[in-house]
Amino acid sequence: MRPVLYIARKLPDEALRVAENDCEVRLWDRESEPVPRNVLLDQLRDAEGLVSVLTERVDEELLKAAPRLKVVANMAVGYDNIDVEACRRHGVIVTNTPDVLTETTADLAWALLLATARRLPQSAELVRDGGWTTWSPLGLTGLDIYGKSLGILGMGRIGEAVARRAQGFGMTILYHNRRPRPEVEERLGARYLSLDALLREADILVILTPLTAETRHLIGRNELAKMKSTAILVNVSRGPVVDEEALVDALRQGVIWGAGLDVYEREPIGADHPLLQLDNTVCLPHIGSATVATRTAMARLAVQNAVNVLKGEKPLTPV
Ligand code: GLV
Ligand code: GLV
């Protein structure tokens with residue numbers, strides 16, 4: 001009997017085909033709606049593999065409901081939705097999808113950075129609304145990027161890819177990381193700073209650190225107060241790394257100049273969210289890795305990871 005692999009979101013066919021020979025694939029067949037918790041737990045009663053996305057909380061309760069589970073293959077590079085320690089206790093292997101999304105996510109970080117600094121959404125909206133009546137000397141003016149300093153908080157693979165793009169913009173590259181990375185300093189001319197110094201010196205701060213117990217609310221009221229009043233904060237990692245209430249206050253009071261956000265403390269956010277009442281903030285719906293090619297590659301990699309474990313082979317990208 002082939003092992004049951006439960007896939008918690010409708011994925012592209014070519015990703016599903018990766019599993020069809022080796023597994024009995026069961027699928028939550030909707031793309032824009034997460035599987036209800038009770039359905040998920042019920043489906044996992046006899047499943048040996050789970051392909052999850054970041055809306056699924058994999059915790060003690062889920063693991064208890066899934067006695068045969070051997071692998072949780074998350075279709076994301078981040079895995080803060082998974083209690084990895086609990087998985088270890090239950091002998092469940094956890095995998096993620098690094099590398100395949102690095103350049104795509106760095107592109108989006110830059111798109112968001114530029115959109116925020118040059119107020120692209122506000123400008124496009126003005127044209128669409130018929131509000132473009134004349135050329136105006138200071139209308140919709142933003143901030144320069146060229147020649148400024150870029151501060152990267154969390155210098156991993158994506159941080160490096162963001163920094164590489166900054167070279168074309170003549171930027172000074174600064175970073176903070178748990179450990180300094182001399183090889184990156186050499187390759188990209190990046191300079192390591194304490195978090196405190198990074199906050200004070202960066203014109204643009206790009207947050208790329210994973211969400212862990214240590215990084216939750218790493219950027220709060222005190223940290224925002226240290227930033228330049230002309231600074232832009234860009235977050236493309238996980239919302240809870242930033243204290244969102246403090247961020248809203250800082251943006252409202254001009255403590256910093258603007259923010260470009262792809263992630264939030266609680267997703268999705270609705271149209272009444274305080275961040276959306278601000279004119280100096282650009283909000284995207286968690287689309288960092290959202291290109292056809294990359295999402296397909298992530299789906300294929302996640303399914304391949306699960307299949308490998310179920311066949312008794314090594315997963316390609318274990319956590
Ligand atoms: C998306 O946010 C990911 O972690 O891949
Ligand atoms: C603007 O369009 C300029 O020519 O300065």
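Every read-out reported here was derived from the displayed coordinates using simple, explicitly stated rules and does not represent laboratory data. Since the structure is predicted, the reported quantities are computational estimates derived from the model, not experimental observations. For neighbour counting, all protein chains shown are included, and Cβ atoms are generated from backbone atoms with ideal geometry for every residue, glycine included.
At a glance:
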item	result
Residue order, fewest to most beta carbons within 10 Å, for Lys314, Lys226	Lys314, Lys226
Cα-based Lys pair tally, the chain, threshold under 28 Å, eight or more apart or on separate chains	10
Mean Cβ count within 10 Å, highest first, over the residues of peptides 24-36, 297-309	297-309, 24-36
Of Thr209, Thr230, Thr104, the one that fluctuates the most in a GNM where the chain has Cα springs shorter than 10 Å	Thr230
Residue of Pro180, Pro240, Pro98 that the Gaussian network model of the chain assigns the largest fluctuation, springs spanning Cα pairs under 10 Å	Pro180
Protection proxy ranking of 56-67, 250-261 - average other beta-carbon atoms within 10 Å, highest first	250-261, 56-67
Sites Lys314 and Arg17 - FRET efficiency at Förster radius 22 Å, r taken between beta-carbons, to 0.05	0.55
Taking Val127, Val72, Val77 and counting other C-beta atoms within 10 Å, the order from fewest to most	Val127, Val77, Val72
Relative contact order (%) - criterion: Cα under 8 Å, at least six apart; region: segment 102-283	20
